[in-house]
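The block underneath contains the structure these notes are about, expressed in structure tokens.
Where a number appears in this text, it was derived from the coordinates with a stated rule and is not lab data. Please read these numbers as outputs of a predicted model, since none were measured by experiment. Cβ placement follows ideal geometry from the backbone for every residue including glycine, while neighbour counts extend to all protein chains displayed.
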Amino acid sequence: MNDILIQGGRVIDPARGRDETANVTIAGGKIAKIGQAPAKAAHVIDARGLIVCPGLIDLHVHCREPGHEEEETIASAAGAAAAGGFTTILAMPNTHPPLDNEASVQYVLQQSARAARARVLPVGCITKGREGKELAEIGMMLAAGAVAFSDDGDGVASAAIMQRALQYARSLDVTIMQHCQDPDLSGGVMNAGAVAVRLGLSGLSTAGEEIMLRRDLALLERTGSRYHVQHVSSAGSVSMIRWARGKGMRVTAEATPHHLLLTDAACVTYDSNYKVNPPLRSADDVEAVRQGVVDGTITCLATDHAPHAAEEKELEFGLAPFGMISLECALGLYAKALVETGLMDWPALIARMTTGPAQVIAPRHPGLGTLAAGQVADVTVIDPDKRWTVRTDDFLSGSRNCPYEGWALRARPVATIVAGKLVHSL
């Protein structure tokens, strides 16, 4: 007898071009078959009227462990991810201490296995201590289980070090993920513009993002490496990524819910839950990022889930840390920004949350992002018409710095299956 039968759902698998009503049978932790024929199973999920798709993947999550377990742990992040329909998340390395050696990579994997919820895969640091001065032991971390490399929270300022990182990554066929922000143009707390002037707050211009991205693309053209742009926020960045992909460079990029839905006007209340890095931009930037997602310039959707303690976010806007959380409501937010507006259909949205992210980590973790027979049974079941209200008190995350409290959303995951195990259901 099979383990799980998901019956009568709309099966959407962008990796295989599948969009049909069918049954999905899971056995031994793997996809056994997809088809119309009835099957027997120990557990049956009635998916009539629901979407059945490959497990959602989030490339950008701050788990805060080790170092700030009062804000989030690998276990709580994994639970929040499963509640949001994500079967795999990537843990950013800006922890304390940073994930810059093989022991820290192994620690993340051990804690992920112990949590037994969503799969948590470690991203190692590009440079030792994230200090931007010397390459970290990328090869050793890769062997220990890292799936990509980033100094997220800071961009790699030195062109020479970034070039060496790209060359080394090319030889290992692994992705470098970059937080594009020129440090000489940092120091602001919100988007530079009329709103910042009116509020008396220092601004972060789009130039800081675009200058570093332009430099990196010049290096990428020379090295031919895999390169991923984190949390794209500006129209200029979208244009450069579009140009690079048109030239055949191996560039991927991600967009967050907040850069698809919110503008810098949200900061007028001085609510620090709207303080993020890169900051909320102008309406023109939001429209450009949306169009980048629609036309495939931006291949991935990622939350940049960044938990913080309440007492930190209660500080005045200028002193509060950057970051917001959205793992548990991200799907509804993406649907609001892209599906309900008529910009994308469900197969296209699911592709940006499965196939696109899977391609970024495919060399190190193949087989994710598809419902192909014989592959690991990571499955998300979605009710596309489920209307619900965001209540942060119900979140499984260890923090509550979410600006979407009280938002009415449509579309919600109702079942999350990781490696054939039902880890969350409504």
Next on the checklist: Using only Cα atoms and rounding to the nearest 10 degrees, what angle (0 to 90) does helix 283-294 make with the longest principal axis of the chain?
Outcome noted: 40
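Among DSSP beta bridges lying fully in the chain, give the percent that are antiparallel, nearest 5. It would help to have the intermediate numbers written out before the result.
On the way: 31 of 64 bridges.
The antiparallel fraction comes to roughly 50 percent.
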Next on the checklist: Just to be sure I understand: with springs between alpha-carbon atoms less than 10 Å apart, which residue in Ser225, Ser202, Ser76 has the highest mean-square fluctuation in the Gaussian network model of the chain?
Outcome noted: Ser202
Checklist entry - What is the distance in Å between the Cα centres of the stretch 39-62 and the stretch 175-232? => result 36
Next on the checklist: Give me a comma-separated list of calculated 3J(HN,Hα) values for the stretch 90-98, in order, Karplus coefficients 6.51, -1.76, 1.60 applied at θ = phi - 60°, integers in Hz, x for any Gly or Pro.
Outcome noted: 9, 8, 5, x, 7, 9, 10, x, x
Checklist entry - What order, most packed first, do the peptides 162-169, 44-51 have when packing is the mean number of other Cβ atoms within 10 Å of each residue? => result 162-169, 44-51
Item to check | Label assignment, mean projected area of the Cα convex hull in nm² derived from the structure, set (i) 20.3; (ii) 21.6; (iii) 18.4 | outcome: (iii)
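Rounded if a/c is under 1.5, else prolate if a/b is larger than b/c, else oblate: which is the stretch 188-258, with a ≥ b ≥ c the root eigenvalues of its Cα gyration tensor? Write out the running numbers ahead of the final one.
On the way: a/c = 3.04, a/b = 2.41, b/c = 1.26.
Prolate is the answer for the stretch 188-258, as a/c is 1.5 or above and a/b outweighs b/c.
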Checklist outcome for this item: Asserting the computed 222 nm helical MRE of the chain (DSSP H runs at least 4 long, -39500 (n - 2.57) per run, divided by residue count, to nearest 500) equals -8000 deg cm²/dmol
Checklist outcome for this item: Inter-part gap, Cα centre of the stretch 353-425 to Cα centre of the stretch 246-284, in whole angstrom, is 21
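List the trypsin sites (Lys or Arg not before Pro) within the stretch 225-320 that fall in a DSSP loop (any state other than H, G, I, E or B) and whose Cβ has at most 14 other Cβ atoms within 10 Å.
On the way: sites: Arg226, Arg242, Arg245, Lys247, Arg250, Lys275, Arg281, Arg290, Lys313; in loops: Lys247, Arg250, Lys275, Arg281.
Listed in order of number, the matching sites are Lys247.
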Checklist outcome for this item: The helix 102-115 Cα axis meets the longest alpha-carbon principal axis of the chain at an angle in degrees, between 0 and 90 and rounded to 10, of 40
Checklist outcome for this item: Place a point 7 Å from the Cα of Arg198 in the direction of its beta carbon; the residues of the stretch 264-295 whose amide N falls under 19 Å from it are 264-276, 279-287
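With a ≥ b ≥ c taken as the square roots of the eigenvalues of the C-alpha gyration tensor of the stretch 66-138, please select rounded if a/c is under 1.5 and otherwise prolate if a/b is larger than b/c or oblate if it is not? Can you show the working numbers first?
On the way: a/c = 2.26, a/b = 2.02, b/c = 1.12.
Cα axes put the stretch 66-138 in the prolate bin.
How large is the charge dipole for the chain, taken about the Cα centre, if only the Cβ atoms of Lys, Arg (+1) and Asp, Glu (-1) carry charge, to the nearest 20 debye?
Working: 39 positive and 47 negative charges, 298 e Å.
Roughly 1440 debye for the chain.
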